[in-house]
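Worksheet for the structure shown next.
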Protein chains: 2
Amino acid sequence: MDHTEILTRYTANFVDELINNGVEHVIISPGSRSTPLALAFSEHEGIREWVIIDERSAAFFALGLAKQTKSAVALVCTSGTAVANYFPAVVEAHYSRVPLILLTADRPHELRDVGAPQAIDQLHLFGNYVKWFQEMAIPEASVEMLSYVRQKASRSVYIAQEGNPGPVHLNFPFREPLTLDFSLEGIWEHKAYSENSYRYPLDGKKQLTLDQLEAFINRLKGKQKGLIVCGPQGDDEIFPEKVAELAEQWRLPILADPLSQLRTGRHSKGNVIETYDALLKNEAIRERFKPDFIIRFGAMPVSKSYLFFIKENKNVPQFIVENHSGYREPTGNVTDFIFADPVHFCEGLLELDKPNFSYEWLQEWQAMNETAKNHLLTGVEERITEGEAIRGLQKVIPENSTLYVGNSMAVRDVDTFFLNDEKNISILANRGANGIDGMVSSGAGAGAAAERVTLVLGDLSFFHDMNGLHAVKHYGINLTILLINNNGGGIFSFLSQAENPKHFEALFGTPLNLEFSKAAEMYGANYFNPETEEDLKRDLEESYQMRGLSIVEVMTDREENVKWHRSKWQAIADEILTNEG
Amino acid sequence: MDHTEILTRYTANFVDELINNGVEHVIISPGSRSTPLALAFSEHEGIREWVIIDERSAAFFALGLAKQTKSAVALVCTSGTAVANYFPAVVEAHYSRVPLILLTADRPHELRDVGAPQAIDQLHLFGNYVKWFQEMAIPEASVEMLSYVRQKASRSVYIAQEGNPGPVHLNFPFREPLTLDFSLEGIWEHKAYSENSYRYPLDGKKQLTLDQLEAFINRLKGKQKGLIVCGPQGDDEIFPEKVAELAEQWRLPILADPLSQLRTGRHSKGNVIETYDALLKNEAIRERFKPDFIIRFGAMPVSKSYLFFIKENKNVPQFIVENHSGYREPTGNVTDFIFADPVHFCEGLLELDKPNFSYEWLQEWQAMNETAKNHLLTGVEERITEGEAIRGLQKVIPENSTLYVGNSMAVRDVDTFFLNDEKNISILANRGANGIDGMVSSGAGAGAAAERVTLVLGDLSFFHDMNGLHAVKHYGINLTILLINNNGGGIFSFLSQAENPKHFEALFGTPLNLEFSKAAEMYGANYFNPETEEDLKRDLEESYQMRGLSIVEVMTDREENVKWHRSKWQAIADEILTNEG
């Protein structure tokens, strides 16, 4: 067998097995060394290729796509710094538990550490940020080595998705010439590798025993005031319904993060307190509403006031439910961890005797929530504010679509202003490491598999990843970007850095002074620049009727924004404390 | 002492000592956790700050600045994926031996691996790509700990610059509140840390003994036909003169890479064969001009035909001179390494008896070089070609300026068409890992310290790092970009991938179809779009009279480009072989 045939069979068997195991999308960045993988994926009919030039964008695109589809996405790039450009998205995928399969081409051993062009040390390049690293063998096409390459493919998909999902990295040394020969027969088949075997293992979920569930309920005996807290998590199908049922049966308020999937959809929302971030801003409210216990699902909520709240309740028993494992509890409070599938956990509890918690406690939270909502939903400013932009967005965002939320101010504004809604909206964000990078590409990646995605983000985040717009244009992805432009780092105006005016604007304010309408032109976007909430709603609705990329840019002012937010929070607290007082 | 005073004294002592050790520039990316470092650098009068939003750009900007100034540049960023965005430039700095001091802010120990926001595992994040990693102590302000922090600062500058320079990484855990108090007295001083000590060590260079030099010359005894090869290296002051003197005395041709600094400047260029890449494309010429030995300085040349040439001369003794250490020899040929300062090495050889090499050999190379130059310098196409763009650029590029060259086609066109020149031009490129990423920022960084920088690069490379334009606009850096737009990956048309048309355009051609004039508008650039070599020269000259950013975009055609290059190479070979034949 000659070099080209060996290379073709080896690569084709790998690619075919990856697809057998359910991988449906591959993101390819152009390069020479990666030619065998790029060609094999392109030739195989079972997978969709997306070619993205900038590898940093490519990896965030894969991240968004994997979040949207809830399954592993493959990536291919050439050797050298291309691989290093994956790193930000790999870190995010690690912490936000997103399955990625990184396939990097490399020079063969004899061209390593000898000054060959575009040859860098790629072994374990991502350190502990990948769940599995394999240096692949130099291509061979014996029966054994074709089994080997299929097994690596199959295991990579499994490992990326099992337990807490995350990225895996396979590094492929390839010798020249790098092209394949698709006229060869049977390159996608491997007869010795049984069609009847389980490729993807039968893999169980962690479930508590009846004894464990009863022991848990015993821990809650005698307590009156409980809270369920739902932080960021991705299941928008079964979990919201189950946890809502549990909350109703147990009469517990649910403090629901915007990324918990609890605020949107058809499940019952009577107990969902979605304004808790605004409520807990006030120290007197935090003081008055001390819980007897907390059960948390998902990651730590976005809300900073919730963080203060639990820090002030150090001795309150806290139970954190993680699907598989993990330690996401940054306050240092003593915590009981429950490692079990949360749906099964809720179902198990629902079958047991219902504890007798305080109904009044729930009603008080519900009343406060109504008061806060009235404030958040009313009042119209002459010039649109950041909160009004989110409020307007919520009114018109289409059913069965995805809302992808940028970090920094955007996710906080969504936390405050995106309230309970019957519409089925998946709300996604990159809350593993909370970076402002890669957001356009993440939204575009989600858009590659969703009917319609709305991405809301600030100007610094938009700027950071403008390259992500190219894939949107090139593939005609239906993406509406709500760009909240406060010309700089708006979040810093809320922090203590703002008290030091001397270096503030240079180091933290960092105005970009860019006209993004020109970027919109370059990337062929429909561009809107509304000035009021009414205009915004009209423009968003128009964008949802259009194909491809739309950018709806709202200009706001950083200082006014701080004042406006603070006045809202103050008004809410004032009304609640007066009523209570 | 309270928290703020401790934090202020600790950070100020670190920053002050970094500056004492000669660091003149710091690149700061905005963030909250990094506030102490950002503020201390901004407050200190001894250093220039550059604030750059996108950390990937920031790191490449630092790389370009460090290359231009030939000294270490500091970087500051916040915790999280910000740090990971440094990775591509860190890899490049490692392989191209550029001193960077990476100062990353981190959460303190109690906020690590507990799901705290923007907290990732930053320890040894860059693996073996940094020469030195230090996890810094939680700030303390005892006499001992202020000495400690000054010693870390001082050592970081030394280690980044010694031997083969490269990046170092210091990770700073900071607790809140993060602001400093500059009204405190004596924060920049540390009396117990002696003003009279050597902070930066007296550090010798490797030099061969007389015995070693004589032994080397003995190895060359009886040989007639030698070659000096000068690959990429950064010394544009002393080395070019010394190696030119050696070549003249020894009657050896110098095959000079465009990045060797041998093609430009006032030193004698009688022996500098700058067209060797074009000459060695021809197999018959390679066959006819087999050398008896090769002495190489600097890294492997860009030229692919030179790589073929030495591969075909496996048994020819090859000597590679490295300033300090290294193994940059990708052919696998048996090689003798000489680890010694190349200037001292040349000077040492010049003082010894001159070997008796063939004069005819030198004359033949010189004659071939003249023939090739005639072809490269003549002929005008109706529509400007990529080679003509470089030729035009060379005619008008100003004295005492820097030419920063992109990878892929740009550096190859410069190799072929940027010929010997009396002007003092530093020619820089990122040839550590040869990525197309980070080029705009690298050029901008060089522009931050140079009078005038011209950056020549292709459209994919320009696109990859358009974010780098923001710093150029924001700081009014004088940068002329010669953008050679062949709408895609031009280099692939020269490779075997082009023989497979089915997937070629999607995977390798990758046309962007973007109007970069719109990017020029957004970033306030002077924009030119010349169609002939004459227009190009006029536009470039105009750009050199203007302040700030200029983009001179030349539209070319990928397929025509291949034909035109190949016809040039063929014509050169034909004339030489006819004359010789």
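The values are calculated or read from the model by the stated rules, or taken from the named source; none is laboratory data. Every value quoted in this text rests on a predicted model; they were computed, and no experiment measured them. Here the Cβ is made from the backbone with ideal geometry for all residues, glycine too, and neighbour counts use every protein chain on show. Remember, those area values only see protein heavy atoms, side chains included, never the ligands or the DNA or RNA. Shrake-Rupley method; radii C 1.70, N 1.55, O 1.52, S 1.80 Å.
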Is it fair to say A:Asp539 is touching a strand residue (DSSP E or B) at 6+ places or on another chain (Cβ under 6 Å), among the charged types (D, E, K, R), more than 14 Å from chain B (Cβ to nearest Cβ) and closer than 23 Å to A:Thr378 by Cα?
-> yes
From the residues in segment B:126-150 that are modelled with pLDDT of 95 or more and polar (S, T, N, Q), which one is farthest from A:Asn85 (Cα to Cα)?
-> B:Ser142
Considering segment A:34-48 alone, what residues qualify as being more than 7 Å from every other protein chain (Cβ to nearest Cβ), surrounded by fewer than 24 Cβ atoms within 10 Å (Cβ to Cβ) and in contact with a strand residue (DSSP E or B) (Cβ under 6 Å, 6 or more places away or on another chain)?
-> A:Ile47, A:Arg48
Can you name the condition, by its number, that B:Tyr193 falls short on among (1) under 25 Å from B:Cys77 (Cβ atoms); (2) in a loop (DSSP other than H, G, I, E, B)?
-> (1)
Would segment A:70-86 turn up any residue that is of a type in the set (Phe, Trp, Tyr) and part of a helix (DSSP H, G or I)?
-> no
Can we say B:Glu17 is in contact (Cβ under 8 Å) with a residue 12 or more places away in the chain and either surrounded by 24 or more Cβ atoms within 10 Å (Cβ to Cβ) or over 17 Å from B:Gly447 (Cα atoms) (or both)?
-> yes
Which condition breaks for B:Val73 when tested against (1) within 27 Å of A:Met439 (Cβ to Cβ); (2) β-branched (Val, Ile, Thr); (3) open to solvent by less than 10 Å² (accessible area, probe 1.4 Å)?
-> (1)
In segment B:518-551, the residues that are open to solvent by 40 Å² or more (accessible area, probe 1.4 Å), part of a loop (DSSP other than H, G, I, E, B) and farther than 27 Å from A:Leu512 by Cα | B:Glu531, B:Thr532
Condition broken by A:Leu577, with the remaining ones in (1) surrounded by fewer than 21 Cβ atoms within 10 Å (Cβ to Cβ); (2) free of Cβ contacts under 8 Å to residues at least 60 places away in the same chain; (3) away from chain B (no Cβ under 14 Å) satisfied = (2)
Filter result for the condition that a residue is over 22 Å from A:Leu259 (Cβ atoms) and among the aliphatic types (A, V, I, L, M), over A:Leu393, A:Leu362 = A:Leu362
Residue tally, condition open to solvent by 40 Å² or more (accessible area, probe 1.4 Å), in a helix (DSSP H, G or I) and among the hydroxyl-bearing types (Ser, Thr, Tyr), over segment A:113-161 = 2
Options A:Val90, A:Val51, A:Val83: the member that is open to solvent by 10 Å² or more (accessible area, probe 1.4 Å) and facing chain B (nearest Cβ under 10 Å) | A:Val51
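Filter segment A:469-479 down to residues that are within 14 Å of chain B (Cβ to nearest Cβ) and buried (at least 22 other Cβ atoms within 10 Å of the Cβ) and give me whichever is farthest from B:Asp465 (Cα to Cα).
A:Val472
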Which numbered condition B:Leu123 misses (of (1) more than 9 Å from chain A (Cβ to nearest Cβ); (2) modelled with pLDDT under 95) = (2)
Pairs under 7 Å by beta carbon, first residue assigned by TED's automatic domain parsing to the domain that holds A:Glu43 in segment A:1-14, partner β-branched (Val, Ile, Thr) and assigned to a helix (DSSP H, G or I), six or more apart or different chains?
-> A:Tyr10/A:Val149; A:Asn13/A:Val149; A:Phe14/A:Val149
For A:Pro30, all conditions in the list (1) in a strand (DSSP E or B); (2) within 13 Å of another protein chain (Cβ to nearest Cβ) hold save one; what is the number of the exception?
-> (1)
Hey, can you tell me all the residues within segment B:278-297 that are open to solvent by 10 Å² or more (accessible area, probe 1.4 Å) and within 14 Å of chain A (Cβ to nearest Cβ)?
-> none
Apart from one, (1) among the polar types (S, T, N, Q); (2) surrounded by fewer than 24 Cβ atoms within 10 Å (Cβ to Cβ); (3) on the phi < 0 side of the Ramachandran plot all hold for A:Ser408; the odd one out is (3)
Looking only at segment A:202-234, and only at residues there that are in a helix (DSSP H, G or I) and open to solvent by 50 Å² or more (accessible area, probe 1.4 Å), the one that is nearest to A:Pro301 (Cα to Cα) | A:Arg219
Residue hits (segment B:100-112; open to solvent by 10 Å² or more (accessible area, probe 1.4 Å) and touching a residue at least 24 places away in the same chain (Cβ under 8 Å)) are B:Arg107, B:His109
Just one listed residue, out of B:Asp203, B:Asp211, is without any contact (Cβ under 8 Å) to a residue 12 or more places away in the chain and more than 30 Å from B:Glu43 (Cβ to Cβ), and it is B:Asp211
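In this structure, is A:Lys518 facing another protein chain (nearest Cβ under 10 Å) and closer than 22 Å to A:His470 by Cα?
For A:Lys518, the condition - facing another protein chain (nearest Cβ under 10 Å) and closer than 22 Å to A:His470 by Cα - is met.
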Answer yes if at least one residue in segment B:480-494 is modelled with pLDDT of 95 or more and facing chain A (nearest Cβ under 9 Å), and no otherwise.
-> no
Please tell me if B:Ala137 is of a type outside the set (Lys, Arg), under 18 Å from the mean Cα position of the chain (by Cα) and more than 8 Å from chain A (Cβ to nearest Cβ).
-> no
Restricting segment A:554-576 to residues that are within 28 Å of the chain's Cα centre (by Cα) and not charged (D, E, K, R), the residue that is nearest to A:Thr480 (Cα to Cα) | A:Val554
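Taking the conditions exactly as written (aromatic (Phe, Trp, Tyr), away from every other protein chain (no Cβ under 14 Å) and either touching a Gly at 6+ places or on another chain (Cβ under 9 Å) or in contact (Cβ under 8 Å) with a residue 12 or more places away in the chain (or both)), does B:Phe337 satisfy them or not?
Values: aromatic (Phe, Trp, Tyr): yes; away from every other protein chain (no Cβ under 14 Å): no; either touching a Gly at 6+ places or on another chain (Cβ under 9 Å) or in contact (Cβ under 8 Å) with a residue 12 or more places away in the chain (or both): yes.
Answer is no for this residue.
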Scan segment B:163-201 for residues that are among the small types (Gly, Ala, Ser), touching a helix residue (DSSP H, G or I) at 6+ places or on another chain (Cβ under 7 Å) and open to solvent by 50 Å² or more (accessible area, probe 1.4 Å) and report the count.
-> 1
